[in-house]
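The values are calculated or read from the model by the stated rules, or taken from the named source; none is laboratory data. Model, not experiment: these values are computed from the prediction. Neighbour counts run over all protein chains shown; Cβ positions are idealised from the backbone, glycine included.
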Amino acid sequence: MGRLVFVVDPRIFESKHSARAVQARNRMAGAATLSFVDPQTYAIIGAAMEVHRELGCGYLETVYRAALAMEFEDRGLEFVDELPIPIHYKQRPLPLGYRADFVCFGDVLVEVKALDGLGPVEQAQVMNYLKGANLHRAVLLNFGTTSLQYRRIV
């Protein structure tokens, strides 16, 4: 499949408004190609957008996890919820571990949050979970804002 990309030099337009419109279109074209580049994370984010569209913000994280599990089922996405991930210290397992909110398609960790915003702490947390689970891709979702926030982490 080929990529759909709109590339127009914004300098050919006289007004700033027109140049901004072209830049926005180019960004959107890049986002549209995500489905071709990584259809799995694209499908996860699409399911999360539907959950956020239905519920909005303001619920606890557990509500969004339950709704997202239902949406994954409705869309036929392969997932495991509450997957245990052992944590090691100096190559010895700790007596406690982490439970991933979801692992989709066998190799994409999905972390659900319901916070005022995402910051470097949440991203670092997901990076540690990836390391513990020996996975290489994650999607960090935040349902706590008026628009769904998401980050694809590789």
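Filtering L115, L140 for residues that are within 17 Å of R65 (Cα to Cα), in contact with a Lys or Arg (Cβ under 8 Å, 6 or more places away or on another chain) and either in the same structural domain as E54 (by TED's automatic domain parsing) or modelled with pLDDT under 90 (or both) leaves a single hit, L140. Can you find a residue that is surrounded by 13 or more Cβ atoms within 10 Å (Cβ to Cβ), at pLDDT 95 or above and in contact with a Gly (Cβ under 6 Å, 6 or more places away or on another chain) anywhere in the stretch 34-46? No, every residue in the stretch 34-46 fails to be surrounded by 13 or more Cβ atoms within 10 Å (Cβ to Cβ), at pLDDT 95 or above and in contact with a Gly (Cβ under 6 Å, 6 or more places away or on another chain).
Residue count for the stretch 64-84 under the criterion of being more than 23 Å from Q149 (Cβ to Cβ) and either over 18 Å from the mean Cα position of the chain (by Cα) or surrounded by 16 or more Cβ atoms within 10 Å (Cβ to Cβ) (or both): the result is 1. Among the residues of the stretch 86-113, those identified as over 14 Å from the mean Cα position of the chain (by Cα), touching a residue at least 12 places away in the same chain (Cβ under 8 Å) and more than 22 Å from F143 (Cβ to Cβ) are P86, I87, H88, G97, G106. Of the residues L68, L55, L83, the single one that is touching a residue at least 40 places away in the same chain (Cβ under 8 Å) and within 15 Å of A138 (Cα to Cα) is L83.
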